[in-house]
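Structure, as structure tokens:
The values are calculated or read from the model by the stated rules, or taken from the named source; none is laboratory data. If you're wondering where the values come from, they're calculated on a predicted model, not measured in any experiment. With ideal geometry, Cβ positions are generated from the backbone for all residues, glycine too; neighbour counts draw on all protein chains shown. Just so you know, the surface numbers come from the protein's heavy atoms only, side chains and all, with ligands and any DNA or RNA stripped out. Shrake-Rupley method; radii C 1.70, N 1.55, O 1.52, S 1.80 Å.
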Amino acid sequence: MNPRPYLLAGPAATLLIGLLVCPLLLVIRVSFYQPANGRGFFTPGTWTLANHSALMDAHGLGLVGYTIAFGTMIAVVVVMVSFPLALFLRSLHSSLLRFAIAGITLPKFASVLVILFGLQQLLGDTGPVNRMLLTWGIVSDPLRMMRGLFGALIGEVFLILPYAVILLFVQVLEMDPILESSARGLGASRWQVFRRITLPLSMPGLFLAGQLGLVWGMGAFLGPLLLGSPENTTLSVEIQRQAFEYGRWPRSAALSVQLILAIGICLAALTFLHNKVSGRPLGGDR
Amino acid sequence: MPSSELVRLADLNFGYGGAPLLRDVSLDVPAGKFLTLLGPSGCGKTTLLKLIGGYLKPQSGSILLRGKDVTHTPPEERGIGMVFQNYALFPHLSARRNVSFSLDVRGVAKSERDDRVERMLDLVGLTKFERDRLPASLSGGQQQRVALARALVFRPDLLLLDEPLANLDRHLRDQLRNQLRRLQEETGVTAVMVTHDQEEAMAISDLVGVMNGGKLLQIGSPREMYHRPLTPFVAGFMGPANIFSADFPGASREKPLMIRPEQVVLGEEAHHYSRSVPAMILSASFLGPDMMVQVTTNAGLSLMVRVRSCDSIVHGRDIRPGQEIRVGIPSHALWQIPGSDGEGIST
């Protein structure tokens, strides 16, 4: 075996092991400690399942359920918005495409907080959108778009969309447009071409974008924290709250472990669904 | 009397911004015939094919199909079969499902559909074993057969072929070429093929059209195109040609003369012809069945001569550079090219 190619992965592997795997193992261990009594973050030398089993009550299950539902919604919205956009980008002439890509990636140059606070102002109860709706008499009371599910959803979709569009665009770009031409020549209407050629050939990209949305949405923190409601929060927000507000570090660690497990299970389910739908493995040769 | 033309193109012009890709192309394709459009890359032949198929729209001019104006009809309503250069098979569908696609979108009943698909696959010679495979696991030749079956299964009266044999190796190409012609005759479909290979064009076609610089220069039977080219470009594109001007009785000095290398006579036999001159061999290359010999006459005329390798002249004395030899030009083999290639057309 030639060790040299492995050396190329060295810097990345060092980072991954040092900054992800080791801390993660530590988190897993912490999740089994008893809470701290007075000093420190936990009671050393103890083992308990209490932190994990606490999640099995109604509140805990509600939290997990909400997180999965939130991630799924994000995934669906992201795919539904980015797919037509990616197809539109493919149809653009290269001179226009440059501007379109720049426009789509531009929000990524602004700080996440700037974007989220901007959305909060724009869509808030006294924001310009609500004021316009009120002035035109479309609504009699301000639409409550912030401090709830809708706000959290909009915020996160806004953050994920550029990545999803670029990912899907690269995928649909791989599709030879001559395939769609030839389908039309064989008598297929535009809808039949989309249904029988474009959609099935985009399936791997759609699922990859869906996975991106799901992972991101389930781990969402800032959107739900800043634009969501305090009653309905994702696991990430609860993790932060348990650790920094209540000082229950082992409980917080247990929640983190559960979140990782939940994301893993959802990803596996999505991959299974793709393989079922398309009849071949996701990420395999097409 | 109804016209026998299946396709009639009138004054087609096409181009994006800059230089036009097609200029005033007019053309009739008689029903049931095999027409091949021949020309160098960039001459507009594929563009013309895509215009007929409806994949592109002309800037001006009209396209008549079965006597009906289809200039602005989308491809799905033209009912034309097309084989694309890279075949454009649907990568996610098996060979069988690729072929059945046109019947599926037309809602043909399952039993009839399956029957027609299997018979068409029999006709192109794809084995049962290969029919369930995805295109990626088929060889180039098999993919070509699937593409052909897919284009013919819905019984179009016109078949368009864009360099269908270009991606195959030579041996397979010759074999599929004959099969393609047989299939066209059996199904009675009118075919328009595009190629840059003049041998392929002559072997397969009833009619050959030579294009260059977006113009259709000449159209005719393979023999006509080879022996009676109207411009020097057509003469050169149909095969190796000696083109020169000389004073011959009954020939105009302004119009160039052409003789094909295989029509020039070399050696003692040249004495039989009134036009026989001494010359010297410049070079000779062995091509298997033939030898291509470059000679220059004492008057300074340079000629390519094709001699059969088994000819006694090759055996008797070695043909080698520097050797003196007699060259005869049979008058009946000389053709005076009537037209010029015109301005703006490169050769």
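Observations on the model:
- Remark on B:Gln323: its backbone amide H falls under 5 Å from those of B:Ile281, a criterion applied only to residues 5 or more positions apart or on other chains, H modelled at 1.01 Å from N.
- At least 18 Å along the helix axis (C-alpha) and Kyte average at least 0.5, DSSP helices within chain A: A:58-91, A:149-173, A:199-218, A:249-278
- Gyration tensor (alpha-carbon) shape descriptor, the range B:76-174, a/c threshold 1.5: oblate
- Of the trypsin sites (Lys or Arg not before Pro) found in the range A:1-104, those that fall in a DSSP loop while having at most 10 other beta-carbon atoms within 10 Å are A:Arg39.
- Spin-label pair B:Val277/A:Asp57, simplified geometry with 7 Å Cα→Cβ offset, distance in nm: 11.2 nm
- Taking amide H atoms as placed 1.01 Å from N in the peptide plane, the amide H of B:Asp290 lies under 5 Å from those of B:Ser309, each 5 or more residues away in sequence or on another chain.
- Rounded accessible area of A:Thr72 (nearest 10 Å², 1.4 Å probe): 60 Å²
- Rounded to the nearest 20 debye, the dipole size of the protein assembly as shown about its Cα centre is 1180 debye, using +1 on the Cβ of Lys and Arg and -1 on the Cβ of Asp and Glu.
- Label-reachable residues, the range A:245-280, where backbone N falls under 17 Å from a point 7 Å from A:Thr46's Cα toward its Cβ: A:246-255
- Calculated mean residue ellipticity, 222 nm, chain B: -7500 deg cm²/dmol, from DSSP H runs (n ≥ 4) at -39500 (n - 2.57) each, averaged per residue and rounded to 500.
- Cα-based helix-to-principal-axis angle, B:140-152 vs chain B, degrees rounded to 10: 60 degrees
- Among beta bridges identified by DSSP and lying wholly in the protein assembly as shown, the antiparallel ones come to about 75 percent.
- Using θ = phi - 60° and Karplus 6.51 cos²θ - 1.76 cosθ + 1.60, couplings along the range B:117-125 (whole Hz; Gly, Pro as x): 4, 5, 5, 5, 5, 4, 4, 7, x
- Loop sites in the range B:190-288: trypsin sites (Lys or Arg not before Pro), DSSP, at most 11 other Cβ within 10 Å: B:Arg253
- Shielding score for A:186-199, defined as the mean number of other chain Cβ atoms within 10 Å: 5
- Computed lengthening from A:Ala110 to A:Tyr246, 0.36 nm per intervening residue step minus Cα-Cα distance: 45.7 nm
- DSSP beta bridges fully contained in chain B are about 70 percent antiparallel.
- Amide hydrogen neighbours beyond the local backbone of B:Asn212, cut-off 5 Å, H modeled: B:Leu217
- Cα shape, the range B:35-91, gyration tensor, a/c 1.5 rule: oblate
- Site-free segments of chain A were taken between GluC sites (Glu not before Pro) in DSSP loops having at most 13 other Cβ atoms within 10 Å, sites themselves excluded; the longest one is A:1-173.
- Loop-located chymotrypsin sites (Phe, Trp or Tyr not before Pro) in the range A:124-179 (DSSP state not H, G, I, E or B) with no more than 16 neighbouring Cβ atoms inside 10 Å: A:Trp136.
- Against chain B, whose longest principal axis comes from its Cα atoms, helix B:170-187 is set at around 60 degrees.
- Pairwise FRET efficiency - B:Asp132 versus A:Ile178, Cβ, R0 = 25 Å, nearest 0.05: 0.55
- Per residue, chain A reaches -21000 deg cm²/dmol at 222 nm when only DSSP H runs of four or more residues are counted, each adding -39500 (n - 2.57).
- Taking label positions 7 Å along the Cα-Cβ direction at both B:Lys110 and A:Leu25, the computed distance is 5.7 nm, reported to one decimal.
- Global form of chain A, assessed from the alpha-carbon gyration tensor, a/c cut-off 1.5: oblate
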